[in-house]
Amino acid sequence: MAISMSKKKSKPSKKLETKHHQFSDTLLFKILNRIPLAIFLLILIFLWSSSTTIISGKFVHVCVSSRKLNNLYCLSAGTQPNFEIPIPALNNNISTGIKEVVDIVQEVPDPIVNNGSDGEVAFAVKVVEQQLQVQRSWISNKDHVTSCDGKGIYVYDLPSKFNKDLVGQCGDMIPWTNFCKYFNNEAMGEPLVKLGKGWYHTHQYALELIFHTRALKHPCRVYNENEAKLFYVPFYGGLDILRWHFKNVSNDVKDTLGLELVKWLENKESWQKNSGKDHVFVLGKISWDFRRKNDDVSSWGTRFLELDQLQKSIKLLIERQPWHVNDIGIPHPTYFHPHLDDDIITWQLKIIRSNRTSLVSFAGAARPDAPQNIRSILINQCNNSGTNCRFLNCSSGGCDQPESVIELFMDSEFCLQPPGDSPTRKSVFDSLVSGCIPVLFDPFTAYYQYPWHLPEDHSKYSVFIEQEEVRKMKVNIIEKLKKVPLREREDMRRYIVYELLPGLVYGDSNSQLEKFQDAFSITINNLVARVNKIE
């Protein structure tokens, strides 16, 4: 839930301000005086544990959550609520050729603008789409690594404070939740026996650990920096952010580890050679969490990705910042981690044959304090549709068990995927891996995020409905989806299952996939292709 409001207010007179403070202080004292100390302390603890205030730029975002802290769909506090297309202040006469677009995007600030003319929005979208074309131009044409010549991958052996020590803090990273169970089995979590071979209770923020483990075992890994083309920096920046969320520390403390890492890298000849252009960081949270603009102590996140030294490096995130060409979105980790090709084939056959008794489903929670969010409308339409739609309420713990979510999606033709605390959702990938066609309402949820793993033609795998139409009650989602022809649904599902699914999951650390490229292999191959094009 999120409320956005402008910080800029008219300045009251000192006399009026004094009277206001006297009145409020007296009233507050009377109220507090009537509340027993024990009850008052309980109220304070509840408020502290269930709410966060995020101040960024010219907006104040108050995010309140009463859901369980270990709910996999709610640990995204500090993101940018009500995100809409940013409108850059650009001259319409600027050339929009590919090279010019890259230059423009790198210089544009990150304002979140909630209004703008249709022409400005169209221009902003055009810039974002052309930037994605640049990222797609880096895609490798080779399906598998047949030779490691000229493809050496160097994995830095960082001091343990940048990764291993952060994992060691899993027990008290977030109050009342022990993250350690999610880091078992090389960060895949505990096995989900009910779902079958290769299924684990994987946390949505486990990407940093999963990627690191796979990189250490890559066949093209080299141990001599002079043989390397690509340099991977295994910094667990997402865990670094999480550990400070419920602790009252200064922004200097939040930024310390990132600054120390940059200083460590700057002393390396391998970094100096190309100013970090051939270096990649994998961060398991969204880009906004690393781009804190405000220095208020209550501000969420760090300034890591705003550091000048990192602007030329490649950053892989579960949600990219649309104005930075070197921010690249890669899939959220799902619960499925195949070991062999047969694991994927077995799952493909199972979900393509699944008897989908529900037309529509939605696994999520409402945002009652965010009036612009369409979730409440979708939930009402779902609940009023009879047997056509099933709603799994995540606010009451309904999504705590992965089996419940996956089984719901396997039983559904369409899965509603509205934005939450930020545009992207792990649930999009859960639905795709379950063969459920995602229904999207914001292009930033997937279309402008994952150029290496999702096709440019989004109609092949999803249905798009403008969220403004939902907000203004111009469309009934259930009735609209009923009209999608059965043949069209089948074609989309077959494309999802046979074309997309293998490339959306991360194989286990010892995976022996031969016929398929998983999300990790696609990413690594494209990274190598990218650095080979660096001038």
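For the range 322-349, give me each residue that is within 15 Å of T202 (Cα to Cα) and in a helix (DSSP H, G or I).
Matches in the range 322-349: none.
Determine which single condition R367 fails, assuming it passes every other condition in (1) of a type in the set (D, E, K, R); (2) outside any loop (DSSP other than H, G, I, E, B); (3) within 19 Å of the chain's Cα centre (by Cα).
It fails just one condition, (2).
Would the range 522-534 turn up any residue that is open to solvent by 10 Å² or more (accessible area, probe 1.4 Å), within 25 Å of V125 (Cα to Cα), at pLDDT below 95 and not aromatic (F, W, Y)?
yes
Taking the condition over 23 Å from C399 (Cβ atoms) and either at pLDDT 95 or above or surrounded by fewer than 24 Cβ atoms within 10 Å (Cβ to Cβ) (or both), does I328 pass?
Yes.
Name the residue, out of E225, E186, that is assigned by the TED database to the domain that holds L305, in contact with a Phe, Trp or Tyr (Cβ under 8 Å, 6 or more places away or on another chain) and acidic (D, E).
E225
Considering the range 395-435 alone, what residues qualify as being in a helix (DSSP H, G or I) and at pLDDT below 95?
The answer is S395, S396.
Of D240, D289, D308, which residue is modelled with pLDDT of 95 or more and either within 21 Å of L209 (Cβ to Cβ) or in contact with a Leu (Cβ under 8 Å, 6 or more places away or on another chain) (or both)?
Result of the check over D240, D289, D308: D240.
Taking the range 484-517 on its own, how many of its residues are acidic (D, E) and either in contact with a Leu (Cβ under 8 Å, 6 or more places away or on another chain) or part of a helix (DSSP H, G or I) (or both)?
The qualifying residues number 4.
Could you please find all residues in the range 240-261 being of a type outside the set (D, E), within 18 Å of L310 (Cβ to Cβ) and under 21 Å from the mean Cα position of the chain (by Cα)?
I241, K254, G258, listed by residue number.
Do we have E456 as surrounded by fewer than 24 Cβ atoms within 10 Å (Cβ to Cβ), in contact (Cβ under 8 Å) with a residue 60 or more places away in the chain and part of a strand (DSSP E or B) here?
No, not satisfied.
Could you please find all residues in the range 386-416 being over 27 Å from P191 (Cβ atoms) and buried (at least 20 other Cβ atoms within 10 Å of the Cβ)?
C389, F391, E413, F414, L416, listed by residue number.
The values are calculated or read from the model by the stated rules, or taken from the named source; none is laboratory data. Note that the structure is a prediction, hence the values are computed from the model and not measured. Note that we place each Cβ from the backbone using ideal geometry, even for glycine, and neighbour counts take in every protein chain shown. Ligands, DNA and RNA are excluded from the accessible area calculation, which covers all protein heavy atoms including side chains. Shrake-Rupley method; radii C 1.70, N 1.55, O 1.52, S 1.80 Å.
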